[in-house]
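Since the structure comes first, as structure tokens, the remarks are kept for the end.
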Amino acid sequence: MASLNVLNKVNNDFSHLSKLHPCLGGDAHSKFGRLHLPVSPACNIQCKFCKRDCNSNEDRPGVANGILPPTDSVETVKKALELCPDITVVGIAGPGDTLATPHAIETFKLVDKAYPDLIKCLSTNGLLLYKYYQDIYDAGVRTITVTVNGVDPKIQSQIISHIVLDGKIYYGEEAAEILIKNQLKGIEAISKLGVVVKVNSVLIPGINDEHIETIAKTVKEAGATLYNIIPLIPQHDLSHIPAPDCVQLDKARIDAEKHLEVFRHCKHCRADACGIPGKQDLSSKLYGTNRNLETFSHG
Ligand code: CLF
Ligand code: SF4
């Protein structure tokens, strides 16, 4: 387990973490691996491009073979490290939102106890980050990703159809305004604890492609360190919008780079990914290929 020896020297400084975390830039993306534990079954918002699914044949966020019970997580990490000793990060990225249920925080607590030297990484839509940032930190998480697709309610309301908060459902610009406010509040609070915040934006031509620079500037002011732009996969209610081409993607990255470092090696991982991103996919070896599972959303 060479990587664990490397990790013994880790501290929470960004420059240290970025040498070991495959999604924080630097050379680590081709050297080290990440394991995603698909423990989060439900979502508390509806993005118009999100097609919730459980299967074994699609490589994209939001997809997993099935849901893992938190109590199986430590054993799963053990198996994953046997399959890929270069795993340095244990992440939770869905398939639903990681804060919509308590499963992710519960899982991180268990994994942190058993593997304190692995980096813990959480990905969320940010609706509940302001509420749980301290619990996330206390569970050992030191890097998070928040998906922010717009910081203007007029734009964000074209991307989400509704949110559910404290048992109430909100639509349109009201929903968008609450989501944006909560995301920025959450980013500010958790970055003050020293957690590295990466922001992901799904690039949607004609909706937020001219808005990327404003998002980057706003999330930087809130405390984000890194930015990642994910091209839209046209599906669900946004299936009529074509995916951005390389020129549009490049322009968005250049716009964002005026404010934040941009991560350019994202591999659009599934919620049950395992291995070095883009090099190895050990997910089916680790989780099996059971296709007869319930369908859930992604985060
Ligand atoms: Fe996973 Fe995401 Fe953590 Fe990485 S993935 S939760 S930050 S450990 Fe990485 Fe995969 Fe791109 Fe995500 S390549 S989809 S950026
Ligand atoms: Fe949006 Fe993720 Fe929820 Fe899907 S699972 S609706 S992409 S936050």
### Query
Counting only the backbone N, which residues of the range 131-147 are under 20 Å from the spot 7 Å out from the Cα of residue 268 toward its beta-carbon?
145-147
### Message
Debye calculation, C-alpha points only, no solvent: report log10 I(q)/I(0) for the range 218-292 at q = 0.17, 0.25 Å⁻¹, in the same order as the q values.
### Response
-0.90, -1.11
### Query
For residue 131, what is the net charge nearby, where nearby means another residue's Cβ is under 14 Å from its Cβ and Lys, Arg count +1, Asp, Glu -1?
-3
#### Entry: Positive dipole terminus of the chain, leading residue within 22, 249, 99 (C-beta point charges)
22
### Query
So, in nm, how far is label residue 117 from label residue 239 when the simple model puts each one 7 Å beyond its Cα toward the Cβ?
4.9
### Message
Using the alpha carbons of the range 69-124, what is the convex hull volume per residue in cubic angstrom, as a whole number?
### Response
75
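Take the Cα pairs of the range 46-186, get the Kirkwood Rh, then feed it into Stokes-Einstein at 37 °C and 0.692 mPa s and tell me D in µm²/s. Before the final figure, lay out the partial values.
Values: Rh = 16.2 Å.
Answer, rounded: 203 µm²/s.
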## Note on the structure
Check: C-alpha center the range 137-214 vs C-alpha center the range 229-277, spacing in Å is 16
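Stokes-Einstein D for the range 120-270 at 10 °C, 1.306 mPa s, Kirkwood Rh over Cα pairs, in µm²/s? Don't skip to the end; give the middle numbers.
Values: Rh = 15.6 Å.
Translational D for this selection: 102 µm²/s.
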## Note on the structure
Short to long, in 10 Å steps from zero, the percent of alpha-carbon pairs of the chain per bin is 7, 30, 39, 21, 3
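Among 201-210, 231-240, how do they line up from the highest to the lowest mean number of other beta-carbon atoms within 10 Å?
Descending packing order for the listed peptides: 201-210, 231-240.
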#### Entry: Lys, Arg +1 and Asp, Glu -1 on Cβ, resulting dipole of the chain about Cα centre, debye, nearest 20
480
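At R0 = 30 Å, how high is the FRET efficiency between residue 192 and residue 161 if r is their beta carbon distance? Nearest 0.05 is fine. Let's see the in-between values first.
Working: r = 32 Å, r/R0 = 1.06.
About 0.40, to the nearest 0.05.
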#### Entry: Order of 246, 23 - criterion: other Cβ atoms within 10 Å of each residue's Cβ, fewest first
246, 23
## Note on the structure
Expected unfolding gain across residue 250-residue 74 under the 0.36 nm per residue rule, minus the alpha-carbon gap, is 59.4 nm
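Treating only the Cβ of Lys, Arg, Asp and Glu as charged (+1, +1, -1, -1), what charge dipole size does the range 64-148 show about its Cα centre? Round to the nearest 20 debye.
Values: 7 positive and 10 negative charges, 23 e Å.
Here the range 64-148 has a charge dipole of around 120 debye.
Every number here is computed from the coordinates shown, using simple stated rules; none is lab data. Remember, predicted model here, so these are calculated numbers, not experimental data. Neighbour counts are summed over all protein chains in view; Cβ atoms, including those assigned to glycine, are modelled from backbone coordinates with ideal geometry.
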